[in-house]
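Asker: What follows is a structure written as structure tokens; I'll ask about it next.
Values quoted throughout were computed directly from the atomic coordinates according to the rules given, and no laboratory measurement underlies them. Here the structure is a predicted model, which means the values were calculated and not measured. Neighbour counts run over all protein chains shown; Cβ positions are idealised from the backbone, glycine included.
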Amino acid sequence: MTAHGVAIHLENCGKTFANGARALEPTTIDIARGETVVFLGPSGCGKTTMLRIIAGLETPDAGGRVRFGDEDVTDTPIERRNVGMVFQSYALFPNMNVAENIGYGLKIRGIGAAERAQRVAELVTLTGIEGLETRSIDQLSGGQRQRVALARAVAIRPRVLLLDEPLTALDALLRERLRSELNSLLRALGITSVYVTHDQAEAMTLGDRIVVMRKGAIAQIGSPRDIYFAPANRYVAEFVGAANVVEAECRDGALILPGGSLPVAHATPGRAVAMVRPESWSIVPATAATLTGRVETVIFVGDRLRVTIAGAADRPLLVDAPNGLAVAPGQTVGLTVPPGAVRLLAGEAA
Amino acid sequence: MVVAFFLLPMARLIVTGASGPSGIAAYAAILVEPRYRATLINTVVLATATTAAALVVSTIAALFLQRHRFPGRSLLIALLTFPLALPGVVIGFLIILLAGRQGLIGDVTAFAFGEKWVFAYSMQGLFLGYLYFSIPRVILTVMAAVEKLDPALEEAARTLGAQPWAVHRDVILPALMPAFIASGAIAFATAMGAFGTAFTLATNVNVLPMLIYTEFTLSANIAMAAALSVGLGLVTWAALALARSAGGTVAAAG
Ligand SMILES: Nc1ncnc2c1ncn2[C@@H]1O[C@H](COP(=O)(O)OP(=O)(O)OP(=O)(O)O)[C@@H](O)[C@H]1O
Ligand SMILES: [Mg+2]
């Protein structure tokens, strides 16, 4: 199975439901052939709606167009779009066993029993569910169901694979394992995939690009690195990963904070909103830094210490420190960051 | 106590059935004697046809009601279940009003084709009456099952390439099967034992409950009436047992 699939172009696709609820603002986005794009956002921001528009389960508001490659599929019914979809609830057919579920799309396409069996066997191996072929659905664990749903969706060699929070129903440990498994599977298939999640770790692992959504609109599109290191605004900074967002006056190339000053590259004087990731900070002796604060709490989380420091900025700062560092609450320490790790967020000053 | 309450009359019934002049042979007579056998077959055919028709009508109605929201929808649902409130005699009476000699259908057909259609007292009339009281029993169960269907199942089938009719064949109807079995068994049992409607309508045809009644009151053939009762009970019980083993939750449908 080499790279197949098509590019997806959404043009001004908005969605207003019959009850007047605006689930999606008119949105334009291009997804390249073979790319995995992750839609990331909190509950109710319109991720599923976006996915359903691509699948054909929802029609966009007037003026919206959906194109697969050069083909306009806006008016093509679901059953002829040739998309594979993994539903959040998996939606496996309870009256069919595992093999019948996986083979259903092939059967509907009139593919003969022998060829079908061979293709099902291929997918069973690919998704690692050997031995479960004749099981009924209610005899499967959550992780096994997820694999069957995925196998069923890719069995038809879809042009586009759509996944709606496929791991959300699973417990944390299994989710982490399946996440990397899914990642290598999507790479192996090379298929154009759209993946919806509210879990930023999932988005980071799986996405070639991440689309961060907010209230039915796109907040930022970029690679996981872009999104993490160069968030376009405060919303993205705070939604993806942990972030210290501080508002302060900028003067002489530094932010003026309650606990001292913090040098910033490319600063323009005036009011500014800046972001620093917890892992960018270094805790140093108070005398070795221009910014100082008092250690409030130290939490040992195994691979590192999560330290909160009060008095340095208007809000307590979150700092990740090496787990061998000797710090204790009440201690006054200095804080430094490498140049460039202070990210100014545009147009966000209150 | 409870067991005795249920079992004693039954035991008595079985004994009575064998206590007539022909003894145990009364049971055999149900199958051998043409009049009794014809009645048994009539009743089973009628109950089966009623059940099948009630299932078809209810499924179509339930799927329609699930998919369409319109003003008056809940009123319509309430009306559909209204016959539950009516005793069989009243339903028989309604059928006479509809298809009797002075009935609505008679008047309309007399006007349209110059021929008066009267079928209230035939097998068709009974069928109509039985259907009338069976549909509410079936529709409530089927509607509840339709309500519980995960809409994603239908959507999944369609993304896999299934046309709407294939979705019904492969996904929706199989998912409703337990509800069909459960409500079908209840409809069948009710139709087998319906008396009120039969009493009002069954002048030209014979069904088991009527036969039992006439054997008992007119012919004073108590033993035969008892034997027929046991026969009726057995057929109905077998249908319910079959449904139970097929996985339907019959009790919940009652
Ligand atoms: N059929 C519908 N009718 C009316 N409003 C709807 C319908 N479906 C979704 N909505 C609304 O549209 C908005 C976006 O819904 P959507 O399901 O796309 O969110 P989501 O980002 O997938 O959320 P979640 O993470 O909870 O799944 C929500 O406010 C939701 O209430
Ligand atoms: Mg959703």
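Asker: Express as a percent, rounded to the nearest 5, the fraction of DSSP beta bridges in the protein assembly as shown (both residues included) that run antiparallel.
Answerer: Values: 56 of 74 bridges.
Restricted to the protein assembly as shown, the bridges split so that about 75 percent are antiparallel.
Asker: For helix B:173-193, report the angle its Cα long axis makes with the longest principal axis of the Cα atoms of chain B; keep it between 0 and 90° and round to the nearest 10°.
Answerer: Relative to chain B, helix B:173-193 is tipped by roughly 30 degrees.
Asker: Also, I was wondering about something else. Give me Rg/Rg_expected for region A:242-344, where Rg uses Cα atoms only and Rg_expected = 2.2 N^0.38 Å with N residues.
Answerer: 1.01
Asker: Taking the Cα atoms only, what angle lies between the long axis of helix A:172-189 and the longest principal axis of chain A, rounded to 10 degrees?
Answerer: Here the helix axis deviates by roughly 60 degrees.
Asker: Follow-up. Tell me the angle of helix A:142-155 to the major Cα principal axis of chain A, expressed in degrees between 0 and 90 and rounded to the nearest ten.
Answerer: Taking the Cα atoms of chain A, the angle to A:142-155 is about 60 degrees.
Asker: Testing the spin-label approximation: label points 7 Å from Cα along Cα→Cβ at B:Ser245 and A:Asp226. State their distance in nm.
Answerer: 6.6
Asker: Write down the Kirkwood hydrodynamic radius of chain A, to one decimal in angstroms, obtained as one divided by the mean of 1/r over all alpha carbon pairs.
Answerer: Its Kirkwood hydrodynamic radius stands at 22.7 Å.
Asker: Right, another one. How do A:Lys107, B:Lys116, A:Lys47 rank when sorted from fewest to most other Cβ atoms within 10 Å of their own Cβ?
Answerer: Ordered by Cβ neighbours within 10 Å, fewest first: B:Lys116, A:Lys107, A:Lys47.
Asker: What percent antiparallel are the DSSP beta bridges of region A:8-235, to the nearest 5?
Answerer: The answer is about 50 percent antiparallel.
Asker: Another question about this same structure. Can you give the Rg to Rh ratio of the protein assembly as shown, both from alpha-carbon atoms, with Rh computed by the Kirkwood formula? Can you show the working numbers first?
Answerer: Details: Rg = 35.8 Å, Rh = 30.3 Å.
When Rh is taken as the Kirkwood radius, the ratio is 1.18.
Asker: In whole Å, what are the extents of region A:76-118 along the principal axes defined by its C-alpha atoms, from largest to smallest?
Answerer: For region A:76-118, the Cα spread along each principal axis is 29, 26, 15 Å.
Asker: Using a Gaussian network model of chain B with C-alpha springs under 10 Å, which one of B:Ala47, B:Ala243, B:Ala220 is most mobile by mean-square fluctuation?
Answerer: Residue with maximal mean-square fluctuation among B:Ala47, B:Ala243, B:Ala220: B:Ala220.
Asker: What do you get for Rg/Rh over region B:1-142 if you use C-alpha atoms and the Kirkwood form of Rh?
Answerer: 1.11
Asker: Find the relative contact order for chain A and round it to a whole percent, using C-alpha pairs within less than 8 Å whose residues are 6+ positions apart.
Answerer: 16
Asker: A follow-up question, please. Evaluate the relative contact order of chain B (contact order divided by residue number), counting alpha-carbon pairs under 8 angstrom at least 6 apart; express in whole percent.
Answerer: Relative contact order of chain B: 30 percent.
Asker: Given q = 0.10, 0.12 Å⁻¹, what are the Debye log10 I(q)/I(0) values for region B:2-245, with equal point scatterers placed on the Cα positions and solvent ignored?
Answerer: Debye output, listed in q order: -0.61, -0.82.
Asker: When only C-alpha pairs under 8 Å and at least 6 residues apart count, what is the relative contact order of region A:242-344, in percent?
Answerer: Values: 252 pairs, mean separation 32.9, N = 103.
Relative contact order here is 32 percent.
Asker: Would you mind getting me the FRET efficiency between A:Glu176 and B:Ile60? Use the beta-carbon distance for r and R0 = 51 Å, nearest 0.05. Before the final figure, lay out the partial values.
Answerer: Working: r = 48 Å, r/R0 = 0.93.
Given R0 = 51 Å and the Cβ-Cβ separation, E is 0.60.
Asker: Mind giving me the FRET efficiency for A:Asp303 and A:Glu130? R0 is 35 Å, r the Cβ-Cβ distance, nearest 0.05 is fine.
Answerer: FRET efficiency, A:Asp303 to A:Glu130: 0.50.
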